[in-house]
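Visitor: Before anything else, here's the structure in question.
FYI, it's all coordinate maths here, none of it is from the lab. Source: prediction; values computed, not measured. Because the Cβ atoms are built from the backbone with ideal geometry, glycine has one as well, and the counts that use them run over all protein chains shown.
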Amino acid sequence: MYTVLVCDDDRAILESIRIYLSAEGYDVLTATDGREAIDLLKDHDVHCLVLDIMMPHMDGLTAMLKIRETSNVPVILLSAKSEDTDKITGLSFGADDYVTKPFNPLELVARVKSQVRRYAKLGSMEISEHVLVTGGLELDTDKKRVTVDGEEVRLTALEYQILEYLMRNMGHVLSSAQIYEAVWNEPALSTEKTVTVHIRNIREKIEIDPKNPNYLKVVWGLGYKVDKI
Amino acid sequence: MDTKSTRFKYTNISKAICLLLATLLFSLGTWCAVELGIGSLTYGGDKYFSGAAAAGKQSFTATPVFERVLRDDAIHLQELASYDEAGYAKALAGQQKATVEDVVDQYIARQNEVKSDYPGQEDDANDVLRDEIFARNPTVSFSFHENDYDLDIDLEYKNMALSEKDIRRELNHQYDRWERERLEAYRDSTEAEKAWLSENTSVHYYVRSVDGSVYTNLPEKPTLRDVGSNKIAAVREDEHALLQGIDYLEGESADVLLPNVPEGASVRFWIDDPAETEGDLTLFSALHDDTDDYFAAHELYEVMKDRPAGWILAIMIFSYLAALALFIRFLLLVGHVNTGDGVETRIAAIDKVPGDVHFLVSAVLFSLCLGLPLAGMVESFTDALSVWPWLPLGGALTTAVCFLLLAEWLASVCRTVKSGHGFWKHTLLGRLFQWVGGNGKYIAKNWKDAWANARYVPKQLPKRVVFWVIGYMLVNLLLINMMVNLVGPVDLLLLILLIAFNLYVLSKAIRYLKGLDEIITASGTDADLTVNEHGLPASLRTLAGNLTVTRETMDKAVAKAVQEERTRTELITNVTHDLKTPLTSLINYSDLLGRKAETKELGDEESVQYIGVIHDQSEKLKHLIDDLLEASKVSTGNVQLNCTTLNLTELAAQAIAEFAPEMEKNGNEIIFTGPDGRPVTEEKLVFADGQKTYRILANLLSNAQKYSAPNTRIYATLSDGAPGKDGQALTTTFELKNTSAAPLNITAEELMERFVRGDRSRGETEGNGLGLSIARDLADLMGGSLALDIDGDLFKATVTLPKHEA
């Protein structure tokens, strides 16, 4: 049984999140401001923290900075601010994920799951040379197996090869033509569409929100990349 | 019209034929005209044209040509007959005495006049005058005109230093010399007459002059019988009246005598000096020989008498008319060229010469060609009758050359006029007038301006500025005027004053201009206006101050506008944030209700349906808020662009891949090609923000996906935009075409407005009408553009982005 602490000043939202997470079998603790959340964290063993940014008394960012002093519990920031800069600020302050309001409750649940799994598994995971890892995404080149947060994802052979190529060149932006030439092993002649369609399929399989990918990112007008998280 | 004939019509050959024929005919006409002229001069117009000459009705001796020769000789002989050297010398001597007396009288009168100029001290004055006169190297001279028998004497009184006696002697001496010269000239002229007659070997003469000397080339004095046996002839009575001293032989009239003279025979007549030689005859005779004028005149007569004057006249008229017609034809043809595609009007190289210059050159050549032979003709006309037969040929040739010159000039005029240049405009004079006219307008305009300026009352500048300017000019004018009129050291002083004054004004003006320049420079820069007002003239100080005020006002306005813009964006941001929180709950709880409904925990069918509507509308509201926020930022330019070099081919493929699955669900197939319909293979590099560009394409693709009619194709085309100056495309365009499911009863402009959707009648659509507005604003921000085109149900969106600059 994992415990999730949800902190939001809006009681309606707080309650709805609680319902969703309880339905998934999590112990849910709730707080309405940052101070309360910090207090609760001291007394409980929490596996994931969902933290609203805009709150009275102590806002989410301040609370997170305090928490990070003592704990590395996964933090999912929740905010009505959808600007890129807000996201970047949040993530660089130590958040593990960022969800904008209004959010799809199922997505939030999926993200919580992902964080909890990774947090729970942390340290127990054996890291071998033939496993390529970024965040919760693991690709075992020996077994030709891909797992996201420990759960296996079924990819077709081409999809697997594309993902492997991208993960081997982690952090590099690869154009469709490059990917095609590497995977299909023949010169690219306007076959980008094939690649883009496959990539879309991969994203749908490994990402929680394919339109907002976490692992397989689109660099518009240049190509695709998988970043080391 | 027959093409062949048209082609030939405008060839150079046809023009040349026209011109050549016209020239030939014109020359022929002139030939005839000269023939007729000579004929009528030989015979007298009435006789010649009536055909009397040809019919042999007029004898040679009755012709004007014969009379002319005869009269010439008679004049020479008369000169000889009136020769009297002794009488002439006597007359000169008589003249001398009177002249010298006259001169001396004048001198005396002058002396008296001088004396009377100094009343009371006459003797002294006279002495002074004499001294002065003698001191100046006095001379005495008088002159006479070479061609005049009158004597003209001029005494240089001013230099007179001689006594009356001296003067008289000197005058006499000079007069003697002049007299000798006169007599020499007289003798010379007589000798010339004699020489002229001796050269005319065919003329036998015997002339006794007034002083009794005899001039003859006969062995002895002829008797009256000699004259009679030689069949004597004489000039007619009326002509004879002109020749003083020539009389008829035995009083018989020429009309009686002349018919007896056979053609070509010798001609004789008497000259009688009634004063001195009563009954004593001075005889001269003109004999027929082949070297003199009589012979030439006779030859001309022989030639001309057989000429058919009527025919020549007819030919002349015909030739001239035909020449004129051909010439007009030539002028009509000239300037037109058949190029094969049609008749064109062309000008020749010579036509570039201004019309009047061309005319002057042509006119000078024309008058030279016409005038020189004409002068020669006149010369030969009076002197050498032997030249006469050549005159028609010379006339014809001269005419031909002149005619060609005229044709050349007229052809040029025709070409100029035909090509629409206008003759007048083409001339230097015309251009000059045009130039003068243009400048006249300019002057008139400036005069008006100057007048208007003069009446302008300055609003800020002091009125005395005008007086300064006028005063400056007046002072300068005064100084220069004084300098010109005065001489010596004052002049130098004025020059220094002038320079100093102008230097002072110049320094003032430069200072003023410097201040003005500073203000202009400051007003043109973005930096804060800092004009150093210190040291500026008062008027400029005001200007600088005003400029600062303007600048400050504008800065304030700009700051205010920026502040307002920021406030507005902040307001929208805050409002949307505040909207988002309740919306989150709305979405979450409607979703929870939906789940309950699915698991039959919740009431009836209708409730389930209502929950669905709430949930869908909440989702829609969420998109609307996001789009509204974005639209607000984009339309105010409040977005950060990270423009880099992008491959639009890749980006379009990526974007299409995002939407293709959704489209396929509706049976829409998207086809992505280049302009040639083939897949795009090359990179299309643009300079843009990747995320924003994707947003533009996504909005368009999303529209296409939402509004396309089911089972239709959607076409995405990537191509180069319009080429720039160097032929390289400056932009790249992405074009998306789809067939609308609903009729597009709206214009492209309206569609671009916010919150407007393609179909007005249907409220139930997924979109909110902000997508196109956002796309357009984003494209604009990146230096590109978005254009919409509606053609029936066909909807076309074209995004243009600037190409990556290599």
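Visitor: What's the Cα-based Rg to Rh of the range A:3-92, Rh via Kirkwood?
Guide: Result for the range A:3-92 is an Rg/Rh of 0.94.
Visitor: Restricting to the range B:639-802, compute how many DSSP beta bridges are antiparallel as a %, nearest 5. Provide the component values of the computation, followed by the final result.
Guide: Numbers: 29 of 34 bridges.
Within the range B:639-802, antiparallel bridges account for around 85 percent of the total.
Visitor: For the range A:132-229, max minus min Cα coordinate along each principal axis, in Å, sorted largest first?
Guide: If we take the Cα atoms of the range A:132-229, the spans are 37, 28, 20 Å.
Visitor: Would you mind giving the mean number of other chain beta-carbons within 10 Å of the Cβ of each residue in A:216-227, as a whole number?
Guide: 6
Visitor: Search the structure for amide H atoms under 5 Å from the amide H of B:Thr732, placed 1.01 Å from N in the peptide plane, and list their residues when 5 or more places away or on another chain.
Guide: B:Gly721, B:Leu801, B:Lys803
Visitor: By average Cβ neighbour count within 10 Å, what is the ranking of B:8-14, B:562-568, B:31-37, B:354-360 from highest down?
Guide: Values: B:8-14: 12.9, B:562-568: 11.1, B:31-37: 21.1, B:354-360: 17.4.
Answer by packing, highest mean first, reads B:31-37, B:354-360, B:8-14, B:562-568.
Visitor: Relative contact order for the range A:3-121: what is it in percent, counting Cα pairs under 8 Å that are at least 6 residues apart?
Guide: Reported as a whole number, the value is 24 percent.
Visitor: Which of B:Asp517, B:Asp166 comes first, and how do the rest follow, when ranked by fewest Cβ neighbours within 10 Å?
Guide: B:Asp517, B:Asp166
Visitor: Any idea what the relative contact order of the range A:131-226 is, in percent, if you count C-alpha pairs under 8 Å spaced at least 6 apart? If you can, show how the numbers build up before the last one.
Guide: On the way: 132 pairs, mean separation 24.7, N = 96.
RCO, the range A:131-226: 26 percent.
Visitor: If you average the C-alpha positions of the range B:565-587 and of the range B:299-345 separately, how far apart do those two centres end up, in angstrom?
Guide: Cα centroid of the range B:565-587 versus Cα centroid of the range B:299-345: 103 Å apart.
Visitor: Give me the inter-chain shielding for B:180-190: mean count of other chain Cβ atoms within 10 Å, whole number please.
Guide: Numbers: counts 0, 0, 0, 0, 0, 0, 0, 0, 0, 0, 0.
Per-residue shielding by partner chains comes out at 0.
Visitor: Find which of A:Ile179, A:Gly221, A:Gly135 sits farthest along the positive direction of the dipole of the range A:131-226, computed with +1 on the beta-carbon of Lys and Arg, -1 on that of Asp and Glu, about the Cα centre.
Guide: In the range A:131-226, that residue is A:Gly221.
Visitor: Return the subset of A:Lys143/A:Lys228; B:Lys580/B:Lys737; A:Lys143/A:Lys211; A:Lys217/B:Lys684; A:Lys101/A:Lys143; B:Lys692/B:Lys737 for which the Cα-Cα distance in this structure is over 31 Å, preserving the input order.
Guide: B:Lys580/B:Lys737; A:Lys101/A:Lys143
Visitor: Is there a simple number for the mean count of other chain Cβ atoms within 10 Å of the Cβ of residues in B:688-700, and what is it?
Guide: 2
Visitor: Here is a follow-up. Go through the range B:355-370 residue by residue and turn each phi into a ³J(HN,Hα) via Karplus (6.51, -1.76, 1.60, θ = phi - 60°); whole Hz please, and just put x for glycine and proline.
Guide: With coefficients 6.51, -1.76 and 1.60, one gets x, 6, 5, 4, 4, 4, 4, 4, 5, 5, 4, 4, 5, 5, 5, 7 Hz.
Visitor: Apply the membrane-span-like helix rule to chain A: whole DSSP H runs, Cα extent along the own long axis of at least 15 Å, mean Kyte-Doolittle hydropathy at least -1.0. List the helices found.
Guide: Qualifying helices: A:11-23, A:60-70, A:105-121, A:157-168, A:192-206.
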